[in-house]
Amino acid sequence: MDFEAFFESEIAALKKEGNYRVFADIERKAGAFPAAGNHGPIGPREVTVWCSNDYLGMGQHPKVIAAMHEALDRCGAGAGGTRNISGTNHYHVLLERELADLHGKEAALLFTSGYVSNWASLGTLLARIPGCIVLSDAGNHASMIEGIRHSRAERHVFKHNDVADLTRILETLDPARPKLIAFESVYSMDGDISPIAEICDVADRFGAMTYLDEVHAVGLYGPRGGGVAEREGLMHRLTVIEGTLGKAYGCVGGYITGSAALIDFVRSFASGFIFTTALPPHVAAGALASVRHLKESNIEREAHQARVADVRGRLHAYGIPTLDNPSHIVPVMVKDPVKCKWISDWLMERHGIYVQPINYPTVARGAERLRITPSPIHTATDVERLVRGLNELWSKCALARMVA
C-alpha cells in the first residue's frame, strides 16, 4: 500500500468538502485577555479572541498566576510520576478536597483533562459493574461516547434531552440489571441545558445511577460556581458530577466527584488514571486558586451573563442568525463549511477578530457555525467591533440570503 498517497488523498478530501482544520497560530497575552498576538500568514498583529473556552478570563487572573509562580518556585516543573508512584503532590490533595466540597460530594479525583476524566471514569464504571447498561444522551461529547464504547457495556442512546424517550427505553430493560444514565448540563455547541431534575426523577424510578458532565457549567453557574446542578439545588441527586479545570477555571485538567467508595473504585481500577503522569503541581495550584476565588466571588459570573446578553441582543437587532439558548454560548449559524471558514478568515483579516469556524464532525453537516463565547473581559468596544464586522458581512455580501 502507498501509505503516503492514502494520507494525502484523505486530507485532500477534507479540504474539498471544507472540513479541513486550520489552527490559528495565536499567542495569548498575560493580563491582556482577550487580546492575543496572531502569527498567521498575514503577519504578526493583535487580534481579539471571541471563541475561547476560558470563559471568565481566569487564565489571566492575578491570583491564579501568582499561585502558579509560587508553586513552580517551590516544587519545580513536573509532578515526577504517576499519582501512585511519587506523583501525588500536596496541591493535588488540596484541589481534590476543594472540588469535592464544590459539588457537595465526599471525594474527588483529578485527571489530566476533561476528556480523560470522562473516558476513564465511564469506561471503568461500565466495564466493571457486572451487567451494567448505559443510557447515553444523543448529544453527548466524544469523550463520553469513547468511554462508553471502550467499556463494551450494553448501550442505549436516547433522543437529546428527551425524558420521555429515556423513560420509554428504560421500560423495555430488565429491572434487575444495574443502569447508568450519562448526560451533560450545558451542551457546548448548541448551548442548550438538560432537564436535570426530570432525568433524576426517571433515574430514581428505575434505580439508575446518574453521571452528569458539567464541563461547560462549572465556575459559571450556581452561587459558588458548582454548575447548573448547584444552581438548581440538585447536586445531591447525582451519583457522579464531572468537570474540567480547562474552561471557566482557566487552567487544565479534569475531575470527577462522588461518594468516597465510588471515587476510590475509579482511582483503583481506571487505567486512564493509574498509568499517566500527574498534573504538574503548579497547574494544580493555579486551578486551586481559581476554584477558591470563584467560590467566593460572583462578580465574574454576573459580568459574564451581562456581556452574553449584550452580545446576543446586539446580534439579534442586526438580524444575524443566532441559535437561541439559555446559556452563555452564542452560535452564529452559517450552515455551510466553506462559507463558515471564509467568514472566519474575513473577520480575522479585516477586523482582527478571531472566531474559529465549527464544522463536521464537531457539529453535524449543515449545522456549521461560528461559536462565539463572550467573556466579562470583553469591552464595549470589543462588542461593537464584533457586531459591526458581522453586520458588514451580512449586509454587504448578502450572506443573510446565502445561509438562510
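General remarks:
- Nearest 10 degrees, 0 to 90: helix 3-17 Cα axis against the chain principal axis: 60 degrees
- The C-alpha atoms of the chain define a longest principal axis, and helix 142-151 lies at about 30 degrees to it.
- Accessible surface calculations at 1.4 Å, restricted to protein heavy atoms, place segment 1-95 at 60 Å² per residue.
- The chain: most fluctuating residue of 380, 182, 208 per GNM, C-alpha cutoff 10 Å: 380
- Spatial extent of segment 275-340: Rg and Dmax, with the Cα atoms as the point set, Å: 18.2, 52
- Angle in degrees between helix 62-75 and the longest Cα principal axis of the chain, rounded to the nearest 10: 60 degrees
- Compactness index (Cα Rg / 2.2 N^0.38 Å), segment 247-404: 1.32
- Computed over protein heavy atoms with a 1.4 Å probe, the carbon and sulfur contribution to the accessible area of the chain reaches 55%.
- When the P(r) of segment 1-123 is calculated, the portion above 24 Å amounts to 57% of the C-alpha pairs.
- Accessible area per residue in Å² at 1.4 Å probe, computed on segment 110-213: 39 Å²
- Under 19 Å, Cα to Cα: Lys pairs in the chain, sequence gap 8 or more or different chains: 16
- Springs join every pair of Cα atoms under 10 Å in this Gaussian network model of the chain, and among 247, 16, 335 the largest mean-square fluctuation is at 16.
- The chain - mean residue ellipticity at 222 nm from DSSP helices (-39,500 (n - 2.57) per run, n ≥ 4, rounded to 500): -13500 deg cm²/dmol
- In the frame of its principal axes, segment 234-316 has Cα extents of 50, 33, 26 Å, reported largest first.
- Kirkwood-type radius of the chain, with distances r between different C-alpha atoms, in Å: 22.4 Å
- Candidates 308, 297, 169 compared by Cα position along the dipole of the chain: farthest toward the positive end lies 308, with charges placed on Cβ.
- Surface accessible to a 1.4 Å probe, residue 201 within the full protein complex, Å²: 80 Å²
- Percent of alpha-carbon pairs separated by more than 24 Å within segment 54-156: 42 percent
- Tail beyond 21 Å, pair distance distribution of segment 314-404 (Cα, percent): 24 percent
The values are calculated or read from the model by the stated rules, or taken from the named source; none is laboratory data. Worth saying up front: this structure is predicted, and the values here are computed from it rather than measured. Reconstructed Cβ throughout: ideal geometry from the backbone, glycine too, with neighbour counts over all protein chains shown. To get the accessible areas, we keep the full protein, side chains included, count just its heavy atoms, and leave off ligands, DNA and RNA. Shrake-Rupley method; radii C 1.70, N 1.55, O 1.52, S 1.80 Å.
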